[in-house]
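**Student:** Sharing a structure with you now.
The values are calculated or read from the model by the stated rules, or taken from the named source; none is laboratory data. Everything numeric in this text was worked out from a predicted model, so none of it was measured. Note: ideal-geometry Cβ built from the backbone for every residue, glycine included; neighbour counts use all protein chains shown.
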Amino acid sequence: MPRPILATVHPLALRHNLQAARLRVPDARVWAVVKANAYGHGIERVFDALRGADGFALLDLEEAQRLRALDWRGPILLLEGVFEPRDLELCSRLGLWHTVHCTEQIDWLAAHKTQQPHRVFLKLNSGMNRLGFTPSAFRNAWARLNALPQVDEISLMTHFSDADGPRGIAHQVAVFEDATADLPGERTLCNSAAILRHASAPLRGEGVSQIAADWVREGIALYGSAPDFPEHSAADWGLQPAMTLSSRLIGVQHLLAGDTVGYGSAFRADGPLRIGVVACGYADGYPRHAPTGTPVLVDGVRTRVVGRVSMDMITVDLSPLDAAGLTPGVGSEVVLWGHSARGTTLAADEVARAAGTIAYELFCAVAPRVPFAPLSD
Ligand SMILES: *Cc1c(COP(=O)(O)O)cnc(C)c1O
């Protein structure tokens, strides 16, 4: 029998979350962001549920090829654009739309031989200071692109640094409005946090009036995590978890007062305590920094991790199950995040928070040795 750890993707949740975005931004088209192998869920596994999106956004050319191999004929956007000149050949061949965020990418386009002019998304650095042209360089970049026979349509793009937090987006929106005011072209500004928190705020510019604009770029919310947890939970936003990471107990220990558990004796029992040993560790992608107290479901009942996470195992407190009249043993279901067979749910956001990270990282970190269940619903 294989080791019992298993990841499960829930297509109905993906569909539900995409529909929730559509209701929030009814006038915008939705990019399903599927970079990093669909945030660890697997592009091939999410594709069917998300094919109702208007396009897919990602950044690896290899992932774009996989989408075309699934026979997706609609838009694909490379969020970081091309990495070297010959990537443009693949863009021409596969009809990929690509971001242009630096002068080198314009130089490469100018030297690119193609029959098929490209659709590009010109990126403004409105304050995040990662990728994009500064406001003072933006117009010149637009004019250069506009003069190139290799370029067909130019759309305008920026990315928010604080859509999930107290600083908000107003300062970046003002920069975007000033830099783009009289330029034609479709606009895209919103990630998940901006879709949930700011999409209906006003935006001045050609033909659009809301921050949602022409296209939104939805990532984490599709996968059922709240970008602004703990201010809001996924349930607050009406989102459903699209991934369950589950395993089983492979051992039970009976501790007495003073006994310790695991490496570094990091947990010491102050009275008799039953401990479950779970087939899941950091080599599966479970966060090693998850401290004693990190939530976990055993037989659907919420309890906590105790002691240190090791490579292949974690240890959990079984006393809340005793209180619930359950007698867990070897083989009992453990849910690290997602849905239990008993109908209870544990948000990945809660586990991430306890471990000092975000659900994005947990999803992306699910290790190659963890098998995925065949798709069902
Ligand atoms: C990853 C990414 C997104 C999606 O972000 P979420 O917070 O997951 O919604 C949107 N835009 C760009 C440019 C990105 O890189």
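**Student:** For the stretch 314-329, what are the residues that are hydrophobic (A, V, I, L, M, F, W, C) and under 13 Å from LEU273 (Cβ atoms)?
**Tutor:** VAL316, LEU318, LEU321, ALA323
**Student:** Is it true that LYS123 is in the same structural domain as ALA36 (by TED's automatic domain parsing) and assigned to a loop (DSSP other than H, G, I, E, B)?
**Tutor:** The answer is no for LYS123.
**Student:** Moving on to the next point. Pairs under 8 Å by beta carbon, first residue within 11 Å of the ligand (Cβ to nearest atom) in the stretch 187-212, partner of a type in the set (Lys, Arg), six or more apart or different chains?
**Tutor:** Close Cβ pairs satisfying both conditions: THR188/ARG217; CYS190/ARG217; ASN191/ARG217; ILE195/ARG24; LEU196/ARG24.
**Student:** So which residues in the stretch 127-165 are among the acidic types (Asp, Glu) and away from the ligand (no atom under 16 Å from the Cβ), if there are any at all?
**Tutor:** ASP152, GLU153
**Student:** Would you say ARG308 is touching a Phe, Trp or Tyr at 6+ places or on another chain (Cβ under 8 Å), of a type in the set (D, E, K, R) and surrounded by fewer than 20 Cβ atoms within 10 Å (Cβ to Cβ)?
**Tutor:** No; evaluated as a whole, the condition is false for this residue.
**Student:** Considering only the stretch 67-101, state which residues are assigned to a helix (DSSP H, G or I) and over 26 Å from ALA20 (Cβ atoms).
**Tutor:** ARG68, ALA69, ASP87, LEU88, GLU89, LEU90, CYS91, SER92, ARG93, LEU94
**Student:** For the stretch 143-181, which residues satisfy the criterion of being within 30 Å of the chain's Cα centre (by Cα) and in a helix (DSSP H, G or I)?
**Tutor:** Those that are within 30 Å of the chain's Cα centre (by Cα) and in a helix (DSSP H, G or I): ALA170, HIS171, GLN172, VAL173, ALA174, VAL175, PHE176, GLU177, ALA179, THR180.
**Student:** For GLU63, only one of the following conditions fails: (1) in a loop (DSSP other than H, G, I, E, B); (2) more than 24 Å from ARG187 (Cβ to Cβ); (3) within 16 Å of the ligand (Cβ to nearest atom). What is its number?
**Tutor:** Single failed check for GLU63: (1).
The rows are residues; the columns are (1) assigned to a helix (DSSP H, G or I); (2) modelled with pLDDT under 95; (3) basic (Lys, Arg).
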position	(1), (2), (3)
GLY271	no, no, no
TYR286	no, no, no
VAL305	no, no, no
GLY325	no, yes, no
VAL330	no, no, no
GLY338	no, no, no
ARG353	yes, no, yes
THR357	no, no, no
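**Student:** Continuing with the same structure: Does the stretch 124-141 contain any residue that is within 18 Å of ARG29 (Cβ to Cβ) and not acidic (Asp, Glu)?
**Tutor:** no
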